[in-house]
Every structure is written in structure tokens, then in C-alpha cells.
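Asks: Quick one: structure below, then a few questions.
Every number in this text was worked out from the coordinates using simple rules, so none of it is lab data. Everything numeric in this text was worked out from a predicted model, so none of it was measured. Glycine also receives a Cβ, built like all others from the backbone with ideal geometry; neighbour counts cover every protein chain displayed.
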Amino acid sequence: MKPEGSAIAPDRPPLRGRGAGLWWGAVGVLAFSFTMPFTRVAVEGQAMSPLFVGSARAVLAALLAGAALALTRQRVPRGRQWVRVGIVAAGAVVGFPLLTSYALTGVPASHGAVVVALLPAMTAVMAVLRGGERPRPWFWGAAGLGAVAAVVFAAIQHGGLGRAGAADLLLFAAVVVCAIAYAEGGLLSRELGSWQTISWALVLASPLMLVLTGVAVVDRPPDATPLEWAAFAYLGVVSMFLGFVAWYRGLAIGPIATVGQVQLTQPVLSIVWAGVILHESITWTTISGGVIVVACALLAVRTRSAAARARPHTRRGIGFRGRMAACGHAPAHTERRR
């Protein structure tokens with residue numbers, strides 16, 4: 001998600017000084033970094049099914065998003081914008097939460113954090129493909145190396161490439177669908193606004209997620225402990241909504257490129273929380289894998305940003321320099337002026 005000059009919109013003077021953007025961005029990343037560990041907490045005891053955790057948290061977030069949209073009287077998407085909102089919803093609201101919820105029933109949160117660290121580089125790749133850009137070979141090399149590093153890490157953790165489990169396939173699928181959603185959301189946010197884009201995506205997906213929640217409750221009524229309910233509440237209220245409010249506030253203040261780099265610390269924080277909260281054993285393999293994947297993602301987004309700065313910014317550009325590499329979760333952009 002982004003640093004200084006962006007093609008989404010010209011940089012404007014900071015709203016409250018240069019440091020404010022970094023602080024807001026850091027708050028957003030800190031909020032996102034708990035997503036993997038708390039998802040693991042919610043699904044590990046089997047008191048709540050992965051389907052319930054993945055769908056009900058989106059319903060909870062949609063209630064907050066709908067209220068925010070109504071109270072601030074945001075413009076409703078029109079025509080093809082709804083199709084594009086649907087792409088964002090399919091990846092960031094439906095695909096990523098459900099896929100990671102199922103995946104984390106079979107692998108530790110620290111393992112999931114390493115694989116999902118690919119998201120920044122993959123988002124940059126999707127942005128390049130969506131925008132028809134021609135980045136330098138270094139970009140493709142960094143993105144490819146990051147993917148290979150994640151695959152090798154998963155293989156080592158499972159005792160061999162041929163033994164990489166279904167959980168890793170789900171995690172890789174989550175990265176791909178979320179990256180597509182972020183790339184499309186980065187463009188759409190120029191028209192609808194930053195947090196507004198993810199909010200409309202939450203609202204659009206809410207009927208489906210409500211049905212899935214009902215199916216999950218009928219199939220396996222949740223019988224969770226207070227701690228598991230607290231983890232679930234965090235996922236719905238913070239990971240899927242409030243975290244995005246802080247993150248996009250930071251991007252709006254900017255500089256976008258500087259604030260965007262903060263998100264590359266998310267997987268590292270997630271691994272730390274997995275050790276502290278879940279008492280997972282953090283091996284040197286996990287640490288090394290995380291460092292290599294994050295380094296490749298950083299190189300990919302920096303290479304793409306350098307290429308973007310070298311060419312004129314236009315309104316038709318991809319709009320969010322691969323920094324959208326987000327993470328956790330949502331489209332890159334700046335706040336829409338009203």
C-alpha cells in the first residue's frame with residue numbers, strides 16, 4: 001500500500017504534520033498483525049467452525065461499515081462500480097477470511113504469517129498486470145524469489161515439497177484472491193474513497209456472509225469460551241474494519257510511500273504475537289523464512305515504486321504503487337475529498 005507520490009492522487013500537504021501519517025499507519029498495521037494469531041485462537045479449539053469465524057466476522061464488520069456509510073452519507077456506487085466492488089468483496093471480504101480460517105486449523109499462526117507475507121509482492125504483481133505496466137526485470141525477480149522462498153518454507157515445515165498440505169494451498173489461494181482485490185480496490189478507491197471502498201465491499205458481501213453464518217450455526221452451533229469470543233470480536237471489529245480506518249487515515253496524511261512501507265512489518269509482528277499469545281515455538285526456519293519473504297516483498301514494491309516515479313503520473317495509472325501490498329488486508333488509496 002503505498003508511499004510518497006502516488007498516481008492515485010497528487011500528494012497534498014500533511015493534515016497534521018509528517019509524523020501523523022506514520023503513526024496512523026503504524027496503528028493500522030499493529031491492528032492487522034493480530035489477525036493470524038486471533039484467527040488461530042478462534043478456530044483452534046473447534047468451538048467455532050472455520051466457516052463461522054470466516055463469515056460471521058464479515059457480518060459484524062458489515063454492520064459497522066454500513067452504519068459508518070449511512071452516518072457520513074457516502075455516495076452509493078453506480079453501474080460497473082458495483083462489479084468492481086464485487087471483486088474487492090470476493091477477495092478481501094469473502095476469500096481471504098474464509099481461506100485463512102480453514103488454513104489455520106491445520107498450521108500454526110506463525111507459519112501462516114510467513115506465507116501471507118507474500119501479499120505485498122503479489123499485490124504489486126496484480127497491480128502491474130491490471131495497469132499494463134512494464135516494470136524492470138528486478139521486480140519480477142524479487143516477486144518470483146519471494147514466492148519460491150514461501151514455497152520452500154512451506155515444504156521444509158512439512159518435511160518435503162510433496163508433503164506440503166492443503167493448509168498451505170489455502171494460504172497461497174488467500175494471498176492470490178486478496179491481492180486481486182487490493183489491486184482492483186486501489187483503482188476503485190480513487191472514485192469512491194479509501195475506507196469507503198472496503199465498506200461498500202463489506203455491505204455488498206453481507207447477504208452471502210449472513211447465509212454462510214446461518215449454515216455454520218446450524219451445522220455446528222458455536223460453544224466458545226470468553227477468550228475465543230473475544231478473539232472473534234477482534235477479528236470482526238478491528239481486523240476487518242477499525243484497522244482499515246486507521247490505515248487509510250495514515251495513507252491520506254502520507255507520505256503514501258513512507259507510510260506504505262510500514263505494512264511490511266506486519267508478518268514479523270504476527271510471528272512475534274504467535275509466540276507470545278499462542279506460545280508457539282518460533283524456530284530459526286520460521287524466522288529465516290519470514291525475513292527472506294519480507295525482504296523480497298520490500299524489494300518488489302520498492303522496484304515498482306522507483307519505476308513509477310520515473311514516469312509521469314496520470315489519472316489513468318494504476319493508482320496505488322504496488323505498496324498496496326497490504327496485508328492484511330485492503331486497497332490502497334488516499335482519502336476522498338468531500
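Asks: Between L71 and R220, what is the label-to-label distance in nm when each label sits 7 Å out along the Cα-to-Cβ direction?
Replies: Result: 3.5 nm between the two label points.
Asks: Which log10 I(q)/I(0) values, to two decimals, does the range 178-248 give at q = 0.12, 0.15, 0.25, 0.26 Å⁻¹ under the Debye formula with one point per Cα?
Replies: -0.44, -0.65, -1.17, -1.20
Asks: Also, I was wondering about something else. If contacts are Cα pairs under 8 angstrom and at least 6 residues apart, what is the relative contact order of the range 18-310 in percent?
Replies: Details: 458 pairs, mean separation 127.2, N = 293.
It rounds to 43 percent for the range 18-310.
Asks: Compute the distribution of all C-alpha to C-alpha distances in the range 45-184, in bins of 5 Å from 0, and list the percent of pairs in each, rounded to whole numbers.
Replies: Pairs per bin, as whole percents: 2, 9, 15, 18, 17, 15, 11, 7, 4, 1, 0.
Asks: Next question, about the same structure. Seen from all sides and averaged, what is the projected area of the convex hull of the Cα atoms in the range 108-241, in nm²?
Replies: If I average the Cα hull's projected area over directions, I get 10.7 nm².
Asks: While we're on this one: Can you give me the distance in nm between label points at S281 and A233, each placed 7 Å from the Cα along the Cα-to-Cβ direction?
Replies: 3.4
Asks: I would also like to ask the following. If you take the Cα atoms of the range 18-310, find Rg, then find the Kirkwood Rh from the mean of 1/r over all pairs, what is Rg/Rh?
Replies: 0.95
Asks: Where does each of D219, D168 land when they are ranked from fewest to most other beta-carbon atoms within 10 angstrom?
Replies: Ordered by Cβ neighbours within 10 Å, fewest first: D219, D168.
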